[in-house]
Each structure stands twice: as structure tokens, then as C-alpha cells.
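J.: Below you will find the structure I want to go over with you.
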Amino acid sequence: MMEQSNVRRRQLPSLTHLIFGSRLLIGLVILFSAGLIYFASSAEAAGIDLGVTAQKAWDSVLNKADTQTKLTLKQTYEKVGDWKAQEQAWEQKIKTLHAANTAELERLRVEIRQTDDAKVTALAEKVKQTQARYEPLFALYSSVNRQLDAAKAIKNKEWSTAIRTQAETLRPVVKLAREDIRIKKKELAEARKRNSAEIKRLRAMLAGADSAKKQIQMAKKQASLAKGRYSNALQQFKQSTKQGQTSRVLSSLNTLASAAEKWAGTKQNIHTLEQKVSTTYVKVRQEISKRPK
């Protein structure tokens, strides 16, 4: 009895290991199957949307072709799908980057327009306050001078002497006040001049993106032409599949692949140019951030 119990205990780990091993194997099979399904889905997604009729014609061509030709046809077909997927991916990137560039341009224009605005406003306010502070002094000095003119007119020497003394006392003070105002107005004028020059400089930097923008417009025309060539090549490919001649199908498919590649290339070029625009805006942003607040 003891011996039978020991045998059972020795068999139990082996049984457990077998069960665990079986589950692990099943799990690996499931994962492998899922991988195959994903790969198949990806390969299918890389194809071309032909429509029901053209798809049937294409399938018929594949069924009639020999093994090597069938492989070449499939590889070229998938290549077209890959280029088309790249074209769509570049288009999405272009839209995202262009939207970001447009928003940044608006922000930069506002910030450039407001360059040193606070500083200039503060200096202008200082000039205004200084003038207001000295206004009573200037009014008094004007009044004294009018009284001096009146005293001279009636030839009253005592009054003239008294008023002249007061005027002479006020004259250097008034001179200092006018000099103070002049200096502050000069500071304001110089600040405005610097501000205008800086705005001009930053706008010139911003205009550095204009060249890339013009190239983008040209590149968009090229992309439009490439799209037209792709559409024509796709129609020719569909027509050749209906005719069912393998050699013509392969030829038209190669033409379609070339058209898809060129179309994707034009979109990549547009994105590269949008990046140049973005780089220019980054440089302008850095220049603005360098300026003292």
C-alpha cells in the first residue's frame, strides 16, 4: 500500500508537467495563429481597392498564371498597395504639420506686432507724466513773463525788477525741466525706432518661409498630376485584367506601381517643404524668446 502511494506521488509531477506543457503549447499555437491572421490582414490591407468586378478579374488572372508569374504579380500588386498607403500616410502628416504651421504663423505675427510694446508704452506714459508734473512750473513761468512784459509796458521799474528777479530764478529750473522732457522724448523715439527695426527684422525672418511655401504650391501641382497619372494607370490595369492577358496585366501593374511611387514621392516632398516652413518658424520663435520681457 505504501509502495503504491509513493508511485502515485512520483507520477503526479509528471502529470502536472504534461498538463502545463499542453496548455503552453496550445497558447503558443493560438499566438502563432493570431500572428498569421495579423500578417494576412496586413498583406491584404496593402492591396488595391479594385471594386467587385475588377477584383474578380484580377483573381481570375492569378488563377490562370503559373507559379512564378503569380508570385511576381502578387508582389507587384502589394508594392502598389504599399506606395498607396505611404501616400495616404504622408497626406495625413502634411495636414497635421500644415495646420500647426498655420496656427504658429498667426501667433508669431501677433507677438512680432507686439514686440517691445509694453516697453514703448511705458516710456510714452513716462513722457506724459513728466510733462504733467512740470506743467504748473511752465504755467508759472509763462505768467511771470507776461507780468514782466506788462511792467515794461507801463515802465514800472520796481515791478519790472521784482518780476525779472523771479523770472531769472525760474529760468534755470524751467531749462532743466525742458531738458528732462527732451531726454525722455528722445528715449521714447529711440525705443520706437529700435522697435520698428526689430519688427522689420523678425518679419524678414518670417518671410524666409515664403520660398518653401512657393515650392509647396508647385509641389502640390506635381502631386495633382501624379494623382492623375495614378488614376489613369489604375484604369488601364483594371482594363487589362478584364482582357485576361497575363503579360499585359503585369506591364500595366508595373506602370501602376511606378505611378503610385511617384505620387507618394510628391507627397513626401510636400511634407519636407512643410518641415522647412516649420524650421523657419522655430528660429523666429527662438529670436522672440531671447528678447528681454
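The values are calculated or read from the model by the stated rules, or taken from the named source; none is laboratory data. It should be emphasised that the depicted structure is a prediction, and the values quoted were computed from it without experimental measurement. Cβ placement follows ideal geometry from the backbone for every residue including glycine, while neighbour counts extend to all protein chains displayed. Accessible surface areas use protein heavy atoms only, side chains included; no ligands, DNA or RNA. Shrake-Rupley method; radii C 1.70, N 1.55, O 1.52, S 1.80 Å.
J.: Of 151, 167, 85, which residue is at pLDDT below 95, in contact with a helix residue (DSSP H, G or I) (Cβ under 8 Å, 6 or more places away or on another chain) and closer than 30 Å to residue 254 by Cα?
T.: Values: 151 fails: closer than 30 Å to residue 254 by Cα; 167 fails: closer than 30 Å to residue 254 by Cα.
Matching residue, one of 151, 167, 85: 85.
J.: Looking only at region 108-118, count how many residues are touching a helix residue (DSSP H, G or I) at 6+ places or on another chain (Cβ under 6 Å) and either open to solvent by 40 Å² or more (accessible area, probe 1.4 Å) or outside any loop (DSSP other than H, G, I, E, B) (or both).
T.: Number of matching residues: 3.
J.: Still on this structure: Assess whether residue 89 counts as being under 19 Å from the mean Cα position of the chain (by Cα) and free of Cβ contacts under 8 Å to residues at least 60 places away in the same chain.
T.: On the way: under 19 Å from the mean Cα position of the chain (by Cα): yes; free of Cβ contacts under 8 Å to residues at least 60 places away in the same chain: yes.
Yes; evaluated as a whole, the condition is true for this residue.
J.: If you don't mind, another one. Could you list, in sequence order, the residues of region 252-292 that are among the basic types (Lys, Arg), within 25 Å of residue 110 (Cβ to Cβ) and touching a residue at least 12 places away in the same chain (Cβ under 8 Å)? First the steps, then the outcome.
T.: So in region 252-292, the residues among the basic types (Lys, Arg) come out as 262, 267, 276, 283, 285, 290-291.
The next check asks that each one be within 25 Å of residue 110 (Cβ to Cβ); those that pass are 276, 283, 285, 290-291.
Within region 252-292, 276, 283, 285, 291 qualify.
J.: Taking the residues in region 98-107 that are hydrophobic (A, V, I, L, M, F, W, C) and closer than 16 Å to residue 206 by Cβ as candidates, determine which candidate is surrounded by the most Cβ atoms within 10 Å (Cβ to Cβ).
T.: Filtering region 98-107 for residues hydrophobic (A, V, I, L, M, F, W, C) gives 99-100, 103, 105.
Going one step further and asking which of them are closer than 16 Å to residue 206 by Cβ, we end up with 100, 103, 105.
Working: 100: 14, 103: 10, 105: 16.
Of everything passing the filter in region 98-107, 105 is surrounded by the most Cβ atoms within 10 Å (Cβ to Cβ).
J.: Check 286, 268, 275, 236 and return the single one that is closer than 30 Å to residue 195 by Cβ, open to solvent by 70 Å² or more (accessible area, probe 1.4 Å) and part of a helix (DSSP H, G or I).
T.: On the way: 268 fails: closer than 30 Å to residue 195 by Cβ; 275 fails: closer than 30 Å to residue 195 by Cβ; 236 fails: closer than 30 Å to residue 195 by Cβ.
From the options 286, 268, 275, 236, the qualifying one is 286.
J.: Regarding region 241-251, can at least one residue be identified that is touching a residue at least 24 places away in the same chain (Cβ under 8 Å), out of contact with any Cys (no Cβ under 8 Å at 6 or more places or on another chain), more than 23 Å from residue 50 (Cβ to Cβ) and open to solvent by 90 Å² or more (accessible area, probe 1.4 Å)?
T.: Looking through region 241-251, none of the residues is touching a residue at least 24 places away in the same chain (Cβ under 8 Å), out of contact with any Cys (no Cβ under 8 Å at 6 or more places or on another chain), more than 23 Å from residue 50 (Cβ to Cβ) and open to solvent by 90 Å² or more (accessible area, probe 1.4 Å).
J.: Give all pairs with beta carbons closer than 7 Å in which a residue from region 117-146 that is under 21 Å from residue 176 (Cβ atoms) meets a residue that is assigned to a helix (DSSP H, G or I) and not hydrophobic (A, V, I, L, M, F, W, C); count only pairs at least 6 apart in sequence or on separate chains.
T.: Partner pairs satisfying both residue conditions: 123/187; 126/184; 127/184; 127/185; 130/180; 130/184; 144/166.
J.: Given the conditions (1) exposed (fewer than 13 other Cβ atoms within 10 Å of the Cβ); (2) more than 24 Å from residue 285 (Cα to Cα), and given that residue 138 satisfies all but one, which numbered condition is not satisfied?
T.: (1)
J.: State the number of residues belonging to region 66-79 that are within 20 Å of residue 236 (Cα to Cα) and either at pLDDT 95 or above or not aliphatic (A, V, I, L, M) (or both).
T.: Here is the first cut: in region 66-79, the residues within 20 Å of residue 236 (Cα to Cα) are 69-70, 72-79.
Filter once more, keeping what is either at pLDDT 95 or above or not aliphatic (A, V, I, L, M) (or both): 69-70, 72, 74-79.
Count: 9.
J.: Also: Open to solvent by less than 90 Å² (accessible area, probe 1.4 Å), more than 15 Å from residue 234 (Cβ to Cβ) and out of contact with any Gly (no Cβ under 8 Å at 6 or more places or on another chain), is that true of residue 63?
T.: no
J.: If you don't mind, there's one more thing I want to ask. Among what's in region 165-207 and is open to solvent by less than 50 Å² (accessible area, probe 1.4 Å) and touching a residue at least 60 places away in the same chain (Cβ under 8 Å), pick the residue that is farthest from the chain's Cα centre (by Cα).
T.: We begin by selecting, within region 165-207, every residue open to solvent by less than 50 Å² (accessible area, probe 1.4 Å); these are 167, 170, 174, 177, 180-181, 184, 188, 191, 195, 198-199, 202, 206-207.
So of that shortlist, the ones also touching a residue at least 60 places away in the same chain (Cβ under 8 Å) come out as 184, 188, 191, 195, 198-199, 202, 206.
Details: 184: 42, 188: 36, 191: 32, 195: 27, 198: 24, 199: 22, 202: 18, 206: 13 Å.
Among those that are open to solvent by less than 50 Å² (accessible area, probe 1.4 Å) and touching a residue at least 60 places away in the same chain (Cβ under 8 Å), it is 184.
J.: OK, next. Taking the conditions exactly as written (open to solvent by less than 20 Å² (accessible area, probe 1.4 Å), modelled with pLDDT of 95 or more, within 23 Å of residue 81 (Cα to Cα) and part of a helix (DSSP H, G or I)), does residue 223 satisfy them or not?
T.: Considered against the rule, which asks whether it is open to solvent by less than 20 Å² (accessible area, probe 1.4 Å), modelled with pLDDT of 95 or more, within 23 Å of residue 81 (Cα to Cα) and part of a helix (DSSP H, G or I), residue 223 comes out as yes.
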